[in-house]
Amino acid sequence: MKPVQSAYPAYLMLALGLLVLTWNNLLGSALPAKLAELGGLHKTNKITATWLGNSQQPEEDSFSLQDMRQLSQYNLRDYDLAYALEASTSAAYQKNQSPAQVLGVNDRYDQFQQINLRSGRFLTFQQENQQVAVIDEDLAQALFRNCNVVGLEIELYGRKFKIVGVAGVDCSLIGTLTDRGYGTVYIPAKILLELEADSRITSLAMATKDAGTTGRNTAVLATALVSIGQDQANYKIIDYNVAGLLIEQDNLLRNFVAGTVVMVMLFGWLRIKIKGIDHFCRLRLRDKYWSELIKGDAARLVLGMAEIAALVAVMLLVWKLIKFTLYIPPENIPNELIDVSFWADLIKDGIQTRLQSAGYVAPPGEVQLNILTTIQNWNLFLNIFLGWPLFLLGLYQLKLLQEKLLKVEVFCSIFLLAALSLGTALLWIIKMPLVIEKGEVLLLFSSVFLTVITLIERRSGNGEFISEKSI
């Protein structure tokens, strides 16, 4: 007698698939919210320009304070503007020393970055010429062993700087991945330019008024760069409205996959219902007229048509929920589909950009964006190529083992709720935004249960799991 095969491996595979799918859903919703959170007051309504050069290139190719004043007074006077330069040095307090990342910024820098002040205030316009500093908690702990340090002084470049504020440290997953291992200090940009002979203003951030994807934001900034004698090609320009849209688009693609599963299952049911009604009518019409059929079996026909109408309505609702317009950056769209020169130029521009940015150091905001984008891309990849295959393979194994539908449904119900709770707790642990989209969660649960019912209950050869009696 052939030994009974254990169902535990199949249930384990099913559980892993459900865990991946649920975590993908929760993390995917948290990432766009985190990007907006990291953007400070303006969230993703900003556009940045970062100099692609390095210390070997002439200074006139980067921004100057005069350029910033001209932009804020004339070309971009109607927009909030922030700029920064970066350096590294040692910070000291009495005998304690610690390496520090020094950011020379203007008074509006905190409107474009997440700087959660624990005490004190950020730099003001009136302090542009003063030796004042805002330090983060890491540097405060390294130098003072506590964070109650507003009013004390630290030493940078042999000069005393009065601490006017203490910024919190981002302890989330993104903050951990971008942590350099030492603290950060913010001082007025003008002061850092005086202290660091080779330093230059390398990044500019501008608040945007157009949240669309028409390129209008980039056009405004490009025109402003030309007005101060700068070449747009020397700068990496990022429209965070578009960046946020592309991150969110991964979520839409994930929902589209789950919705497609639902649509396929519903379409299968719809086909079976239509075939059932057709078969029922053909049998009755062998010895009856249409009038007799309608008169005698009106209730069954109405019930069958109502079921078909309900299935069509649900399919339309699901389609309305998951449909979206795929966004592709305009610069990646040729005028003609077959245009060899366009694709050649696109590849050439990509290579030239990499060569030009050989010494390029991304500012903190761009580093965070790159990490968020990478995580989101992997999140979508794992959803499609790991989560769904594991779930479907486990379900197929359970079907071969002839597991009962109720048992599998109960298992999926309990495990989905457990995975949802576990994923929410994990988001809290890694300090990511707790954003749970009810519609997306419902879509995932629906796709799971419809797939379970369809695959486990479909045992007959022709795939029909309703009989003529049910019409």
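Values in this text are rule-based calculations from the coordinates and carry no lab data. Just so we're clear, the structure is a prediction, and the values are computed from it rather than from any experiment. Note: ideal-geometry Cβ built from the backbone for every residue, glycine included; neighbour counts use all protein chains shown.
Roughly what % of Cα-Cα distances in the range 193-317 sit above 17 Å, to the whole percent?
75 percent
Using a 10 Å cut-off around each Cβ, can you sort Ile308, Ile328 from fewest to most neighbouring Cβ atoms?
Fewest to most other Cβ atoms nearby, the residues stand as Ile328, Ile308.
Determine the gain in length on full extension of the stretch Ile414-Gln232; use 0.36 nm per residue of separation and subtract their C-alpha separation, reporting nm with one decimal.
Full-extension gain reported as 60.0 nm.
Hey, if you put +1 on the Cβ of every Lys and Arg and -1 on every Asp and Glu Cβ in the chain, which of Asn234, Gln114, Ser64 ends up farthest toward the positive end of that dipole?
Gln114
Extending each Cα 7 Å along its Cβ direction at Tyr396 and Asp287, get the distance between those two points in nm, one decimal.
Placing both labels 7 Å beyond Cα along the Cβ direction yields 4.5 nm.
Is there a quick way to get the dipole size of the chain? I mean about its Cα centre, with the Cβ of Lys and Arg at +1 and of Asp and Glu at -1; what is the value in debye to the nearest 20?
I would put it at about 2260 debye.
Non-local amide H neighbours of Gln113 (under 5 Å, H modeled in plane, Pro and chain starts lacking H): which ones?
Leu41
Could you pull out every residue, at least 5 positions away or on a different chain, whose amide H is within less than 5 Å of the one on Leu401? Hs are placed 1.01 Å off N in the peptide plane, and Pro or chain starts have none.
It is none; the list stays empty.
For the range 360-373, in order, what is each residue's ³J(HN,Hα) by Karplus, 6.51 cos²θ - 1.76 cosθ + 1.60 with θ = phi - 60°, in whole Hz (x at glycine and Pro)?
Taking θ as phi minus 60°, the curve returns 6, 10, 5, x, x, x, 5, 4, 4, 4, 4, 5, 4, 5 Hz for the range 360-373.
Averaging sequence separations of C-alpha pairs under 8 Å and six or more residues apart, then dividing by the length of the range 99-246, give the relative contact order as a whole percent.
With pairs under 8 Å counted, the relative contact order is 28 percent.
Taking the number of other C-beta atoms within 10 Å as the exposure measure, put Ser447, Ser90 in order starting with the fewest.
So the ranking, lowest neighbour count to highest, is Ser90, Ser447.
Can you tell me the order of 73-84, 419-430, 281-292 when each peptide is scored by its average per-residue count of other Cβ atoms within 10 angstrom, highest first?
Highest mean packing first, the order is 73-84, 419-430, 281-292.
Ranked by Cβ crowding within 10 angstrom, fewest neighbours first, how are Ser64, Ser199 ordered?
Lowest count first: Ser64, Ser199.
Just need the relative contact order of the range 201-332 here, percent rounded to a whole number, with Cα pairs under 8 Å and 6+ apart. Provide the component values of the computation, followed by the final result.
Values: 49 pairs, mean separation 36.5, N = 132.
Relative contact order of the range 201-332: 28 percent.
Of Ile430, Leu156, Phe125, whose Cα points farthest to the positive end of the dipole of the chain (charges on the beta-carbon: +1 Lys, Arg; -1 Asp, Glu; origin at the Cα centre)?
It is Ile430, whose Cα lies furthest towards the positive end.
How many nm is it between the label spots at Leu406 and Ala425, if each spot is 7 Å from the Cα in line with the beta carbon?
3.0 nm
Answer rounded, prolate or oblate for the range 81-201, using the Cα gyration tensor with square roots of eigenvalues a ≥ b ≥ c: rounded when a/c is under 1.5, else prolate when a/b is larger than b/c, else oblate.
rounded
Determine ³J(HN,Hα), in whole Hz, for all residues of the range 122-128 in sequence, where each value follows from phi through the Karplus function 6.51 cos²θ - 1.76 cosθ + 1.60 and θ = phi - 60°; x replaces Gly and Pro.
Result, rounded to whole Hz: 7, 4, 10, 4, 5, 9, 4.
Given the DSSP H assignment, sum -39500 (n - 2.57) over each helix run of at least 4 residues in the chain and divide by its residue total; what's the result at 222 nm in deg cm²/dmol, nearest 500?
Values: 13 runs with 242 residues, N = 471.
Calculated at 222 nm, the ellipticity per residue is -17500 deg cm²/dmol.
In sequence order, what are the phi-derived ³J(HN,Hα) couplings for the range 305-313 according to the Karplus relation 6.51 cos²θ - 1.76 cosθ + 1.60 with θ = phi - 60°, rounded to whole Hz, with x for glycine and proline?
Once θ is set to phi - 60°, the couplings for the range 305-313 become 5, 5, 5, 5, 4, 5, 4, 4, 4 Hz.
If the cut-off is a Cα-Cα distance under 22 Å, which lysines reach Lys190, setting aside same-chain residues fewer than 8 apart in sequence?
Here the lysines satisfying the reach criterion relative to Lys190 are Lys160, Lys162.
Would you list, by chain and number, the lysines whose Cα falls below 29 Å from the Cα of Lys431, excluding same-chain residues fewer than 8 positions away?
Candidates past the 8-residue exclusion: Lys34, Lys43, Lys46.
Can you give me the relative contact order of the chain as a percent, contacts being Cα pairs under 8 Å and 6 or more apart?
Once divided by the residue count of the chain, the mean separation gives 28 percent.
Quick one: which residues, 5 or more positions from Arg118 or on another chain, have an amide H under 5 Å from its amide H? H modelled 1.01 Å from N in the peptide plane, none for Pro or chain starts.
Close amide H contacts, sequence-distant or interchain: Val166, Ala167, Gly168.
Taking Cα atoms, how many degrees apart are the long axis of helix 240-284 and the longest axis of the chain, rounded to 10 and kept between 0 and 90?
0 degrees
Using 7 Å Cα-to-Cβ label points, what is the Asp107/Ala306 separation (nm, one decimal)?
About 7.0 nm separates the two model spin labels.
For the peptides 22-28, 381-387, what is the packing order when you average, over each peptide's residues, the other Cβ atoms within 10 Å and list the highest mean first?
Ranking, from highest mean packing down: 22-28, 381-387.
Could you tell me how far the Cα centroid of the range 103-126 sits from the Cα centroid of the range 387-455, in Å?
One Cα centre to the other: 44 Å.
Per residue, what volume in Å³ does the convex hull of the Cα atoms of the range 363-452 enclose?
102 Å³
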